[in-house]
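The values are calculated or read from the model by the stated rules, or taken from the named source; none is laboratory data. On a predicted model such as this, the values are computed, not experimentally measured, just so you know. Quick reminder, even Gly has a Cβ in these numbers, built from the backbone with ideal geometry, and neighbours come from all protein chains shown. Remember, those area values only see protein heavy atoms, side chains included, never the ligands or the DNA or RNA. Shrake-Rupley method; radii C 1.70, N 1.55, O 1.52, S 1.80 Å.
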Amino acid sequence: MPGVFISFEGIDGAGKSTHIEGLAQAFRACGRSVTLTREPGGTPLAEKLRTLVLNDPMDAMTEALLVFAARRDHLQQLIEPALARGDVVLCDRFTDATFAYQGSGRGFEPAILSMLESWVQALPVTSRLRQPDLTVWFDLDPAIAAQRLAGARVPDKFEAQPVEFFRRVADGYAQRQAQDPQRFARIDAAQSREAVWQDVLSAVQNKGWLA
Ligand code: TMP
């Protein structure tokens, strides 16, 4: 069976994690081999870069270069080999997060992000870029996300940002969806956990990847 690449996006506090785990179990129950991973991160080098990006102060260009460096290693070492084996790759965030956080959130030039995307995600031989086959976007009002995050854990550099930052990030996700609507499934993440799960499942079933 051909590999399947699914990414999961949304502002901090949108509640992606339990549903990504649930989908991994659902695919495994159907006999599929699953690679569960995240960005920034997923390989030893990319996890080191993650620690820097999430904790050290730096400007938006440095952040963008580090997340794309981590992505390059992640694609080469983990994602491409997994897709070549026919795995289902479930990735907690991918390039849409860079456009949303570094682009919209921090105000960094999207044209430069597009250039980095075209270098880092270029597939050999063809002129195509590696992109997720489906992006499940957990869309949530930043005010609700902030309430959910409050007191949950010690916030990292991004989680500590004010609600206005997350409004810009949410706008960034909406712009990415508008540019490539076929790839995105928008989930209303303000619903109950069960309703969100049903929508996540339907988004994947609609693609014919799960019975
Ligand atoms: P996580 O907490 O969902 O694992 O995400 C890590 C944080 O990194 C989250 O606040 C979003 C941020 N991030 C970026 O700023 N740019 C990126 O390209 C990625 C993948 C994540």
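Brief remarks on what is shown
- Whichever residue in region 61-93 is closer than 19 Å to residue 118 by Cα and acidic (Asp, Glu) and, among such residues, is surrounded by the most Cβ atoms within 10 Å (Cβ to Cβ): 63
- Being over 15 Å from the mean Cα position of the chain (by Cα) and under 30 Å from residue 202 (Cβ atoms) is a description that applies to residue 2.
- Of all residues in region 23-33 being open to solvent by 20 Å² or more (accessible area, probe 1.4 Å) and outside any loop (DSSP other than H, G, I, E, B), the one that is nearest to residue 83 (Cα to Cα): 28
- Once region 114-127 is narrowed to residues that are outside any helix (DSSP H, G or I) and hydrophobic (A, V, I, L, M, F, W, C), the residue that is nearest to residue 80 (Cα to Cα) is 123.
- Filtered by the rule that a residue be more than 11 Å from the ligand (Cβ to nearest atom) and either outside any helix (DSSP H, G or I) or among the basic types (Lys, Arg) (or both), region 38-56 gives 43, 48, 56.
Listed here are the residues, each with its yes/no results for (1) within 29 Å of residue 104 (Cα to Cα); (2) touching a Phe, Trp or Tyr at 6+ places or on another chain (Cβ under 7 Å).
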position: 1; (1), (2): no, no
position: 7; (1), (2): yes, yes
position: 14; (1), (2): yes, yes
position: 19; (1), (2): yes, yes
position: 24; (1), (2): no, no
position: 30; (1), (2): no, no
position: 37; (1), (2): yes, no
position: 46; (1), (2): yes, no
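- Selection within region 94-113 - near the ligand (Cβ under 10 Å from one of its atoms) and either in a helix (DSSP H, G or I) or open to solvent by less than 20 Å² (accessible area, probe 1.4 Å) (or both): 94, 95, 96, 97, 98, 99, 100, 101, 102, 103, 105, 113
- Filtered by the rule that a residue be without any contact (Cβ under 8 Å) to a residue 60 or more places away in the chain, basic (Lys, Arg) and either open to solvent by less than 40 Å² (accessible area, probe 1.4 Å) or outside any loop (DSSP other than H, G, I, E, B) (or both), region 128-167 gives a lone residue, 167.
- Of all the listed residues (6, 20, 11), the sole one being over 24 Å from residue 119 (Cα atoms), modelled with pLDDT of 95 or more and touching a Pro at 6+ places or on another chain (Cβ under 8 Å) is 11.
- Odd one out for residue 177, checked against (1) outside any loop (DSSP other than H, G, I, E, B); (2) without any contact (Cβ under 8 Å) to a residue 24 or more places away in the chain; (3) among the polar types (S, T, N, Q): (2)
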